[in-house]
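Below is one structure, written out as structure tokens; the observations come after it.
The values are calculated or read from the model by the stated rules, or taken from the named source; none is laboratory data. All values reported here derive from a predicted model rather than from experimental measurement. Heads up, the Cβs are rebuilt from the backbone with ideal geometry, glycines too, and the neighbour counts pull from every protein chain shown. To get the accessible areas, we keep the full protein, side chains included, count just its heavy atoms, and leave off ligands, DNA and RNA. Shrake-Rupley method; radii C 1.70, N 1.55, O 1.52, S 1.80 Å.
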Amino acid sequence: MNLDFTAEELAFRDEVRAWIKQAYDSELKQLMSQSKNGYLDKAGQVRWQKKLAEKGWAAPGWPVQYGGPDWTPTQRYLFQSETAAAGCPIVSPMGIAMVAYVIMEYGSEAQKRRFLPKILSTDECWCQGYSEPGSGSDLASLQMSAVRDGDHYVLNGSKIWTTHAQWADWIFCLVRTSRDAKAQSGISFLLADMRTPGISIRPLPSLDGPIDGEQEVNQLFFENVRVPVENRIGEEGLGWTYAKYLLQFERGVAYGSLLRYLLAKIRKIAKQQPAGGGGMLIDDPDFRRRYAELAVRVEAVDAAEMRFFSGVESGTAVGAMSSLFKLVGTELQQDLSELAVEALGPDALPFVQDSFAEIRGRPASPRPIPDHVAAVTPLYFNYRKTSIYAGTNEIQRNLLARHVLSSAGVRG
Amino acid sequence: MDFDYSVEQDMLRDTLASYLADHYDFETRGAVVATPAGWRPKVWADLAERLNLLGAAFPEEYGGLGGGALENAVVMEELGKALVVEPYLGTVVIGGGLLKQVGGALAAEWLPRIIAGQAVLAFAYSEPQARYSLAEVATTATKRDGGYVLNGRKTGVTGGPWASQLLVTARSGEGISLLLVDADAQGLTRSDYPTIDGGRASDITFHDVFVPAERLLGAEGAALPLVERAADEAICALCAEAVGGMRRMLADTVAYASQRKQFGVALATFQVLQHRMADMFTALEQSAALTLVATMKLDRPAAERALVASAAKAQVGKAAKLVGQAAVQIHGGMGITEELALGHYFRRATAIGSQFGSTDFHLRRYADLSLADAA
Ligand SMILES: Cc1cc2nc3c(=O)[nH]c(=O)nc-3n(C[C@H](O)[C@H](O)[C@H](O)COP(=O)(O)OP(=O)(O)OC[C@H]3O[C@@H](n4cnc5c(N)ncnc54)[C@H](O)[C@@H]3O)c2cc1C
Ligand SMILES: Cc1cc2nc3c(=O)[nH]c(=O)nc-3n(C[C@H](O)[C@H](O)[C@H](O)COP(=O)(O)OP(=O)(O)OC[C@H]3O[C@@H](n4cnc5c(N)ncnc54)[C@H](O)[C@@H]3O)c2cc1C
């Protein structure tokens, strides 16, 4: 065993660092300093992802034949650490890290040619239409109907919590093509153009502040929406299989480097925030202890991730590990955002109306907010989502319990 | 021992609750906090004139109903349940409380105006470098021409935009003085902004603001004990408000979990959610009890009063977080939306967490006070 990087790996790391230095320009940085959820506004997001694509680094996990960079697990780890440590925006996962894999695995040749290049170049943005008002954790109970009419499906129903639907050109969704069989087997996987007549969007303002085109989630309504049959992935009725295949990518993110970035943000706040009584918060023993407790938890996730991604999987099922990382990673995101708010003290109270307004020259909150303070409280509110989306943490614990018990030959 | 409310206290609660049920529904409140004004003077006038409520906690000699801290707790709990933004805390609990402490001509002049709803007060004590410390005051009050000249800056003054008068802490010599200042005094500039809980606050600069000598509360340089007591009273009131908010969050969560179905059954049938609701209940009940104990001890000697006030604030701070976070989680995606009242209660609970000292701050104050003679 050996923790050291090879000379080639170090050279790769330096290349990534140098690239970030010039590509992550001051305008993007300024937008990011105000971000309450890790994303930029749409224009910024597209600009960033296009820069990555031009360098050939937009899709680290893709096979070379579709434009992936052919990295080793260590290179992927280094790339993620470097971008996270620099505070770069999150790459929107719906296209590159989700639907693309389903298209590669189960799509037709025509679908691959049609969609993959535009996903890679960010010329087309995607959203994910799984959840419905009545179907969240119990996804298989979904009701949106797709009735065959010649060479089209006619869609009726509603999708909810659709992240960035207002930015999306395409949506991939699960629809019900049959009500006869067991819930899971009547589901199909469709790709729909968001400009198809009959699709309407209702923004859902959330806890972190009112909407201004930057809302994260939406409800969608489908009224007699006609989708060509050729936009179906694979076979009719096998959508559940494809959706399950996709899930392992949805949950397969590494948290360690992002969490380290949040720790760095907290240190920055603590250095600039007076403790009351003369000193700064960074020297306050109570703060230091809470910081250290969280930092040790981050070390533990990071170590487990390095071990996992370097291929020493010690026989544990991938699904169980991705549930484990989702669980501890998101709980740490929440706890770190909470400590950041508390580190601000009374400065956590002003409400940030629209995080990007000032940058765009529109009036924002009348109180000038320094960068290290901006978006800290909205992020805490925003991060309540992390234990809910991508399968709630209760559901992850159920999955982990099933794994622990079944490894011992017990049925949970 | 007796933890029962009196008949009058029950009546006070019922009167306020039924007024709020009629005039303070969640939609109306949402529309009001989104306006530039951000509050309703009409509601304030109703509390004063129709309900005679602003006098509940004051002696009869000032036109009050003879109550005290427990009446404030009853009122604040109901205001917490309805997420009321109008400034009862700043005006009645803190402003009125300080005037009651000093008595004399100032109290005789201003308490009747507060009770009548004519004077709205805000407490301007916090400064950029102070964090939660009441003694960290850099604003100065210099004696001149039969009065004081104020210079300095206060931040995060809750209810600042609505106030007709401000209670301002300022350093004079070695000590801290407390002055009642007209909000439109010459040399005073205010910058107002919305807060995360739907309220309003101001940052205020004083540039040679002249305050007549008779507007000094207590003796010059001797205001710190007054202010410390007022802060403990504010803490008890805030804890009561948080208890009201927690009751509402738990009730909403139980109702949602009983009605929402996944996997063919109500969410409430999942044991892990049942246990979480049990934990919410446990945290809430202990908070409610400790808040009452702290409220009843507000008249005890300073060290004893401060110890239990800090205990209550630390307990309530932790509990409000636990209850709020669990409530959002059990609501799933619905929990993160602005549409439900829940998220707004969660934001108010978060704000209360840092008003008059965070949980960490009060744990330390508790340790300092309780371990003082163990060393
Ligand atoms: C910010 C955000 C972005 C999202 N983005 C998308 C998106 O882009 N596309 C998309 O399709 N969906 C998206 N979602 C939806 C997300 O996947 C669902 O919110 C999630 O699956 C939970 O479903 P629900 O909200 O209906 O909650 P429910 O399923 O109603 O759950 C409510 C509560 O009950 C608990 N619970 C449910 N079942 C069980 C059980 N069996 N045992 C124990 N506890 C249980 C849950 O853990 C939760 O605490 C997003 C959600 C959020 C919050
Ligand atoms: C120090 C000590 C002194 C005691 N003294 C006495 C005594 O004086 N007289 C007497 O009669 N008994 C006594 N008891 C026994 C005590 O009441 C039992 O141990 C207790 O009721 C638990 O029963 P059990 O040990 O059979 O555990 P089990 O009932 O087998 O429980 C094992 C685990 O399963 C959990 N579990 C069980 N049912 C559920 C459920 N429905 N949902 C979720 N989790 C569940 C339990 O919480 C526990 O974690 C004593 C026990 C101890 C440890």
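Once the piece of chain linking B:Glu228 and B:Phe210 is laid out straight, how much longer is it, given 0.36 nm per residue of separation minus the C-alpha distance between them?
4.0 nm
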Carbon and sulfur atoms: what percent of the 1.4 Å accessible area of chain B do they account for? 56 percent
Please get the size of the charge dipole for chain A, origin at its Cα centre, with Cβ charges of +1 on Lys and Arg and -1 on Asp and Glu, quoted in debye to the nearest 20. 260 debye
Phi-derived 3J(HN,Hα) across the stretch A:38-45 with the Karplus relation (6.51, -1.76, 1.60, θ = phi - 60°), rounded Hz, x for Gly and Pro, is x, 9, 8, 6, 4, 4, x, 4
What's the FRET efficiency of B:Ser164 with B:Leu371 using the Cβ-Cβ distance as r and R₀ = 35 Å, to the nearest 0.05? 0.20
Quick check: residue separation of B:Gln274 and B:Glu27 times 0.36 nm, minus the Cα distance between them. What number comes out in nm? 85.9 nm
Take B:Ala105 and B:Phe281, extend 7 Å from each Cα along the Cα→Cβ direction, and tell me the distance between the two endpoints in nm. 5.8 nm
Per-residue HN-Hα couplings for the stretch B:231-237 [Karplus 6.51, -1.76, 1.60; θ = phi - 60°; Hz; x = Gly/Pro]: 5, 5, 5, 5, 4, 4, 5
Do any of A:Lys271/A:Lys326; A:Lys159/B:Lys261; A:Lys42/B:Lys154 go past 27 Å between their Cα atoms, and which? A:Lys271/A:Lys326; A:Lys42/B:Lys154
For A:Lys244, the aspartates and glutamates lying under 19 Å Cα to Cα, once residues fewer than eight places off in the same chain are dropped, come out as A:Glu105, A:Glu132, A:Asp138, A:Glu235, A:Glu236, A:Glu394
Heavy-atom accessible surface that A and B bury in contact, both chains counted, 1.4 Å, Å² to 100: 3800 Å²
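Under the rule that an exposed site lies in a DSSP loop and has at most 14 other Cβ atoms within 10 Å, name the longest stretch of chain A with no trypsin sites (Lys or Arg not before Pro) of that kind, not counting the sites themselves.
A:1-178
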Whole-Hz ³J(HN,Hα) for each residue in the stretch B:159-174, computed from phi via Karplus 6.51 cos²θ - 1.76 cosθ + 1.60 with θ = phi - 60°, x for glycine and proline: what do you get? x, x, x, 9, 7, 8, 9, 10, 9, 10, 8, 8, 7, 10, x, 7
If you average the alpha carbon positions of the stretch B:285-320 and of the stretch A:170-217, how far apart do those two centres end up, in angstrom? 49 Å
Long-range amide H partners of A:Phe351 with built H, under 5 Å: B:Thr195, B:Ile196
Can you give me the C-alpha center-to-center distance between the stretch B:29-97 and the stretch B:244-265, rounded to a whole angstrom? 30 Å
What net charge is computed for the residues neighbouring B:Glu109, neighbours being all others with C-beta under 14 Å from the C-beta of B:Glu109, Lys and Arg scored +1, Asp and Glu -1? 0
Be a star and scan the stretch B:62-87 for residues whose amide nitrogen sits under 20 Å from the point 7 Å along the Cα-to-Cβ vector of B:Ala255. B:77-85
To the nearest 20 debye, what charge dipole does the protein assembly as shown have about its Cα centre, counting +1 at the Cβ of each Lys and Arg and -1 at the Cβ of each Asp and Glu? 1560 debye
Tensor-based shape of the stretch B:16-148 (alpha-carbon gyration tensor, a/c under 1.5 rounded, otherwise prolate or oblate): oblate
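What FRET efficiency comes out for B:Ala37 versus A:Ala11 if R0 is 45 angstrom and r is the Cβ-Cβ distance? Round to the nearest 0.05. List each step's numbers first, then the result.
On the way: r = 62 Å, r/R0 = 1.37.
About 0.15, to the nearest 0.05.
Express the accessible area of chain A per residue in Å², computed with a 1.4 Å probe while the remaining protein chains stay in the model.
44 Å²
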Nearest 5 is fine: what % of DSSP beta bridges in the stretch B:130-232 come out antiparallel, could you say? 95 percent
